[in-house]
1. Take the alpha carbon atoms of the range 327-369, find their center, do the same for the range 283-320, and report the distance between the two centers in whole angstrom.
2. Please label the shape of the range 11-392 as rounded, prolate or oblate, based on the square roots a ≥ b ≥ c of the eigenvalues of the alpha-carbon gyration tensor (a/c under 1.5 means rounded; beyond that, a/b larger than b/c means prolate, else oblate).
3. At residue 286 and residue 177, where each label point lies 7 Å from the Cα along Cα→Cβ, what is the point-to-point distance in nanometres?
4. So how do 134-145, 290-301, 11-22 stack up, highest first, on mean other-Cβ count within 10 Å?
5. Is the shape of the range 142-254 best called rounded, prolate or oblate, per the rule: a/c under 1.5 gives rounded, else a/b larger than b/c gives prolate, else oblate, with a ≥ b ≥ c the square roots of the Cα gyration tensor eigenvalues?
6. With a ≥ b ≥ c the root eigenvalues of the C-alpha gyration tensor of the range 1-145, is it rounded (a/c under 1.5), prolate (a/b larger than b/c) or oblate?
7. Give the peptides 229-242, 169-182 in descending order of average Cβ contacts within 10 Å, highest first.
């Protein structure tokens with residue numbers, strides 16, 4: 001898609017809109033000054049600088065390596081200052097506060113308990129500290145005039161052998177009447193993806209399925225379609241990143257044909273936890289303008305917008321949404337769609353999802369619609385379907401319609417494919433001879 005000359009949204013308005021964050025790493029979003037403070041308190045002397053502004057810049061520069069393994073080395077410093085109860089409480093509390101200040105009304109923070117035991121904490125003590133931090137963060141945000149509900153996902157490191165142990169930790173902390181107090185809501189595997197498939201941890205996933213605990217997996221970032229398929233086979237109901245699903249989409253003269261995995265992800269509405277800036281840093285694409293987001297969105301995939309690592313990627317939820325608007329000419333109603341996509345697939349309970357939708361998200365967009373003179377109605381505190389339709393305009397996705405080919409105009413199709421290194425057959429005469437059925441293999 002050609003980059004628009006202007007954004008259709010106001011960044012200040014975007015900042016005030018309610019947001020739902022599904023993919024945010026606790027150890028990737030620390031405040032620079034907090035890192036410096038805790039390093040001084042705990043005797044960690046490995047920081048490249050003790051100036052907060054310089055440290056923030058160092059993280060961002062180091063993250064722009066173009067590959068995931070190098071990107072991950074930045075976490076050596078953040079995890080080094082997250083090894084005590086007090087530090088974990090502080091980092092978690094501040095993460096909740098910072099997300100709330102950026103408009104998040106619901107956030108899932110994920111972390112790997114096994115990476116926070118260097119100073120002797122047990123796995124349960126790590127979980128206890130982060131639960132305390134979430135509760136303190138929610139209270140602090142409320143005192144500042146923000147409403148946020150935060151939850152925790154426990155990650156196992158995919159290159160290690162402790163996944164079953166972390167899965168059992170999750171089982172022990174899942175539910176309101178456990179030490180997790182209802183704040184621990186799901187499982188993930190993280191770390192270097194390529195060469196470490198989800199199927200390496202079959203026993204962990206089996207335990208989670210037996211206990212009916214929801215799972216997301218990092219897949220389709222450093223590795224391709226098979227990594228996504230493997231995560232789905234293990235029971236994943238969301239995919240962290242997942243953007244390389246486009247490699248399972250084939251270009252033809254008639255449009256685009258979805259492969260088996262892509263079709264399953266789209267038609268079953270498996271959410272993609274898309275993190276635009278992070279994806280440019282790890283080499284999935286060179287810029288947000290070249291990101292496959294718009295292709296996937298237009299094809300009807302269930303897309304959500306996320307930060308991944310706010311410090312390391314130098315990003316916020318508001319900033320990620322504005323970047324997408326600038327790159328792909330998104331409008332406010334599309335932000336509402338992306339937000340409700342995330343809320344509908346959050347791992348919290350249904351009553352909370354209904355409450356946030358009814359009391360926070362729809363009223364905020366309804367108010368915005370009124371300000372923009374859109375026909376948005378409210379009935380007894382609920383946004384009426386007609387109001388939502390008006391805010392959505394005439395843009396309609398064909399989620400789950402079962403169509404194997406999605407027709408796009410030839411001009412837009414070629415532009416989208418060119419951004420991803422895909423192309424249609426060049427010779428029109430040859431295409432006619434083949435009745436328009438021949439297509440390149442999209443660079444696979």
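1. For the range 327-369 versus the range 283-320, the Cα centre distance is 18 Å.
2. On the way: a/c = 1.38, a/b = 1.19, b/c = 1.16.
Cα axes put the range 11-392 in the rounded bin.
3. Those two pseudo-labels are separated by 5.9 nm.
4. Result, highest mean first: 290-301, 11-22, 134-145.
5. Since a/c reaches 1.5 but b/c is at least a/b, the shape of the range 142-254 is classed as oblate.
6. It comes out oblate by the Cα gyration axes.
7. Output ranking for 229-242, 169-182: 229-242, 169-182.
Quick note: the coordinates plus some simple rules give every number you see, no bench work behind them. Just so it is clear, the model here is predicted, and its values are computed rather than measured. Don't worry about glycine lacking a Cβ; one is built from the backbone with ideal geometry, like all the others, and counts go over all protein chains shown.
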